[in-house]
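Worksheet: one structure, shown below.
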Amino acid sequence: MTLISFVVPAYRVQGYLRECLDSILGQPFGDVEVIGVDDASPDDSGEILAEYADRDPRVHPVRLTENIGLGPARNVGLDRAAGDYVWFVDGDDWLVPGCLPHVADRLRDTRPDVLIVDHVRAHWNNVGTRSAMRDVFPVPPGAATFALPERPETLRLLHTAWNRLVRREFLVERGFRFAPGWYEDVSFSYPALMAAERIGVLDRICLHYRQRRTGAITRTRGDRHFEVFAQWHRVFALIDAWGMDGLRPAIFERMIWHYLTVLGNGDRIAPELRAAFFAQMHADHLQFRPPAGYPVPPGVEGLKHRLVAAGRWRTFSALRGAHQTGETARRTVGRARRRLVPVVRRARNGALREYYRAETHRPIDPTLAVYAAYWYRGYSCNPAAVYEAARRLAPQVRGVWIVRRDRVAALPAGVEYVVAGTREYYRVLARARWLVNNVNFPDFVRKRPGSMHVQTHHGTPVKVMGLDQQRYPVGAMGMNFAGLLRRVDRWDYSVTSNSFSTQMWERAYPADYTTLEVGYPRNDRLARATAEECRRVRAALGLGEDEYVVLYAPTHREHLPGWRPPFDPDRLLDVLGPSGRLLMRSHYFHDRERLPRGPAAGGVLDVSGHDRIEDLYLAADVFVTDYSSAMFDYAVLDRPIVVYAPDWDTYRVARGVYFDLLAEPPGAVATDFPALLDLFRSGAVRAGTAERARAAFRARFCALDDGQAAERVVRRVFLDEPA
């Protein structure tokens, strides 16, 4: 029999579910099963569960036809569980590596009804806060088990389902189920502790409890938070039915603490509902208070308890307001100190910024769309494709590009532009109705009511991005994550090329934007390319029709700024033979290194200065790269791709990656330069194994690139047509 059945409900957790499943299945302990319950999730959570089930027989997906909520979804998983113990892990949390052998040893050694494990709160800003375990048990109980009346302080541990494993037969015998509604953990976890004859505590952090920036019920305002009262009423009904009055004082104190926690969180109870919530707290205090009293906490918390007991809402509200006023004053002083900037900098930028602020008080230009790409490096990528589609489909929209002064000459004829840093630059940023970029606009740009920011991104991610980089500080040196989130909060739309990108962006950039999962506009040209266009592009680059063209484009290493993969173009050309030609392109971060040399020298052409990388894709017969998102674009052409990854182990540890590229590549793989030469020498670049890998890669990442992505964006964003 399986030792542990994990029940993982999934609803709108596509950005986190892979990390959750990997953390379970990748443990050095295999006697587990995972019951993944797709609670009719409107995102790709169900598809992720099915994908994992296809490659791991321990995963058993259940797809519900209608949304039933977290508690009932857990019941569905419990009914299908076969393990000795059940662990209810939420789809956005994840296990600590290597924890399961310790959990399994404790379960086998002590056979508890309930085993509580420690956890850490993993906040979205990469700050971790410990649980109350050390406060509740300053002396760890070790392997000893106990009943709740022997150690009532156990009640002060967080009352969730995911920080404990429960013996399945114990659950079945006692008929324990999760009740519907929010705060369902209350009416499950407390009764389970009350009924358990053997409770164990493992003083080891086993789970990361994700504190999401958006999407969690703890950050969702509404009247559903009143459902917490019904959950606690169920607990006290069982106390009365089971005759457990000895536990009533400690459980009552926990109830009032929980109510105060919910009311005190401004993200949950709207101001207009607080008085009604407090009134119900007072009513429950009168109804359930133990006749002999209960342990009222000291200090300010005790004062709150006494105000609830007396029903004194106005005094309670005034106390809360005074506390918030003090906190606001402290934050204001802190912000003022941080905003002090050198006098020289103020003098240099002050006048133009004042002009920008003045322009933001003028009406938005209802016809103006501003475009930018790669920090004003020129006309390219998804914004360029959207611009061209908008000129065709929405001619009433006036498109203006922002470019650096040194990139003006590279603009196509007829494209209206402003130079970054000029007076005109600040004016169009202030007055535009639409702002389209594949990176973020500067921090000073305000999100004006009525304006619309469109983030097109510039690649499907291999390496981790956004908030996920906090776990890889070597590759995120100098990043201001608070500033990043302020920029992300301006987004109205996030354009993604596939469901995988959608999932990763939700986790890396948590905010309230709308995702347009429509394919990448810049790939429309690749999807529609004809043989004649490819011939024209090759001719423009000086490449003959019969030449065998290899494009090599490695990515940037943030953790090793000056490092380049070992690569000898002459040796590769020797292997390619007399018809071989090699195009070499540096990452755009190295644009100062771009030195276009015109005709190829010795069969090698430096194309780093070529503005439209799509031309290079169309010209190439084979694409060689490492961890660049360019592979996802080139795959649209269904031509051979080679992953050359000589530093894979270092890169994945230092920079972080979202999936194992060497296990799921788009073609042949080489981890050193001699192996790369062998791939071309042997013909493995086009062998059946490489072809099958590319087909699977294209099915996963390129299904939406059908040549119509830019039109879909324009119709939704500029013409306000339904998705």
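The values are calculated or read from the model by the stated rules, or taken from the named source; none is laboratory data. None of the values given here were measured: they were computed from a predicted structure. Virtual Cβ from ideal backbone geometry, glycine too; neighbours counted across all protein chains shown.
What tally of residues in the stretch 59-68 results from selecting those that are surrounded by fewer than 17 Cβ atoms within 10 Å (Cβ to Cβ) and either in a loop (DSSP other than H, G, I, E, B) or not assigned by TED's automatic domain parsing to the domain that holds Gly15 (or both)? Counting residues in the stretch 59-68 that are surrounded by fewer than 17 Cβ atoms within 10 Å (Cβ to Cβ) and either in a loop (DSSP other than H, G, I, E, B) or not assigned by TED's automatic domain parsing to the domain that holds Gly15 (or both) gives 3.
Note on the stretch 645-688: residues that are crowded, with 23+ Cβ neighbours inside 10 Å and under 25 Å from Asp705 (Cα atoms) amount to 3. Residues of the stretch 228-268 that are buried (at least 18 other Cβ atoms within 10 Å of the Cβ), within 29 Å of the chain's Cα centre (by Cα) and in contact (Cβ under 8 Å) with a residue 24 or more places away in the chain: Val228, Val262, Arg268. Strands (runs of 3 or more DSSP E) fully within the stretch 332-446 that include at least 3 residues being within 21 Å of Arg486 (Cα to Cα) and at pLDDT 95 or above: 365-372, 432-437. Kindly provide the set of residues from the stretch 674-723 that are assigned to a loop (DSSP other than H, G, I, E, B) and in contact (Cβ under 8 Å) with a residue 60 or more places away in the chain, ordered by number. Listed by number, the residues that qualify are Cys702, Ala703, Leu704, Asp705, Asp706, Gly707, Gln708, Phe718, Leu719, Ala723.
So that you can scan it fast, the table gives a plain yes or no per residue for (1) in a loop (DSSP other than H, G, I, E, B); (2) surrounded by fewer than 20 Cβ atoms within 10 Å (Cβ to Cβ); (3) assigned by TED's automatic domain parsing to the domain that holds Thr514; (4) not charged (D, E, K, R):
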{"residue": "Gln14", "(1), (2), (3), (4)": "yes, no, no, yes"}
{"residue": "Cys20", "(1), (2), (3), (4)": "no, no, no, yes"}
{"residue": "Ser23", "(1), (2), (3), (4)": "no, yes, no, yes"}
{"residue": "Gly30", "(1), (2), (3), (4)": "yes, yes, no, yes"}
{"residue": "Ala40", "(1), (2), (3), (4)": "yes, yes, no, yes"}
{"residue": "Asp43", "(1), (2), (3), (4)": "yes, no, no, no"}
{"residue": "Gly46", "(1), (2), (3), (4)": "no, no, no, yes"}
{"residue": "Ala53", "(1), (2), (3), (4)": "no, yes, no, yes"}
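If you take the residues in the stretch 398-444 that are in contact with a Ser or Thr (Cβ under 6 Å, 6 or more places away or on another chain) and farther than 18 Å from Tyr493 by Cα, which one is surrounded by the most Cβ atoms within 10 Å (Cβ to Cβ)? Checking each candidate, the answer is Ala430.
Kindly establish whether Val136 is among the β-branched types (Val, Ile, Thr) and either over 26 Å from the mean Cα position of the chain (by Cα) or within 20 Å of Arg254 (Cβ to Cβ) (or both).
Numbers: among the β-branched types (Val, Ile, Thr): yes; either over 26 Å from the mean Cα position of the chain (by Cα) or within 20 Å of Arg254 (Cβ to Cβ) (or both): yes.
Yes, satisfied.
Screening Cys381 on (1) at positive phi; (2) surrounded by fewer than 22 Cβ atoms within 10 Å (Cβ to Cβ); (3) in contact (Cβ under 8 Å) with a residue 24 or more places away in the chain shows it passes everything except condition (2).
Go through the stretch 631-654 and give me each residue that's assigned to a helix (DSSP H, G or I) and either over 16 Å from Lys463 (Cβ atoms) or of a type in the set (Asp, Glu) (or both).
Asp633, Tyr634, Ala635, Val636, Leu637, Asp649 - these are the residues of the stretch 631-654 that are assigned to a helix (DSSP H, G or I) and either over 16 Å from Lys463 (Cβ atoms) or of a type in the set (Asp, Glu) (or both).
Is there a residue being buried (at least 20 other Cβ atoms within 10 Å of the Cβ) and out of contact with any helix residue (DSSP H, G or I) (no Cβ under 8 Å at 6 or more places or on another chain) anywhere in the stretch 505-525? There is at least one residue in the stretch 505-525 that is buried (at least 20 other Cβ atoms within 10 Å of the Cβ) and out of contact with any helix residue (DSSP H, G or I) (no Cβ under 8 Å at 6 or more places or on another chain). Count of the stretch 701-721 residues, restricted to those that are touching a helix residue (DSSP H, G or I) at 6+ places or on another chain (Cβ under 8 Å) and surrounded by fewer than 18 Cβ atoms within 10 Å (Cβ to Cβ), is 5. What are the residues in the stretch 128-150 that are under 11 Å from Val201 (Cβ atoms), at pLDDT 95 or above and not β-branched (Val, Ile, Thr), if any? Within the stretch 128-150, just Phe146 meets the criteria. Sub-8 Å Cβ pairs linking a first residue in the stretch 603-630 that is in the same structural domain as Gly544 (by TED's automatic domain parsing) and assigned to a loop (DSSP other than H, G, I, E, B) to a second residue that is modelled with pLDDT under 90 and of a type in the set (A, V, I, L, M, F, W, C), at least 6 apart or interchain, are Ser608/Leu595; Gly609/Leu595; Asp611/Ala410, ordered by first then second residue.
Can you spot a residue in the stretch 635-649 that is without any contact (Cβ under 8 Å) to a residue 40 or more places away in the chain and of a type in the set (A, V, I, L, M)? Yes, the conditions are met somewhere in the stretch 635-649. Taken over the stretch 208-225, residues that are surrounded by 19 or more Cβ atoms within 10 Å (Cβ to Cβ) and over 18 Å from the mean Cα position of the chain (by Cα) amount to 1. Regarding the stretch 601-613, can at least one residue be identified that is at pLDDT below 95, more than 26 Å from Asn382 (Cα to Cα) and aliphatic (A, V, I, L, M)? Scanning the stretch 601-613, I find at least one residue that is at pLDDT below 95, more than 26 Å from Asn382 (Cα to Cα) and aliphatic (A, V, I, L, M), so the answer is yes.
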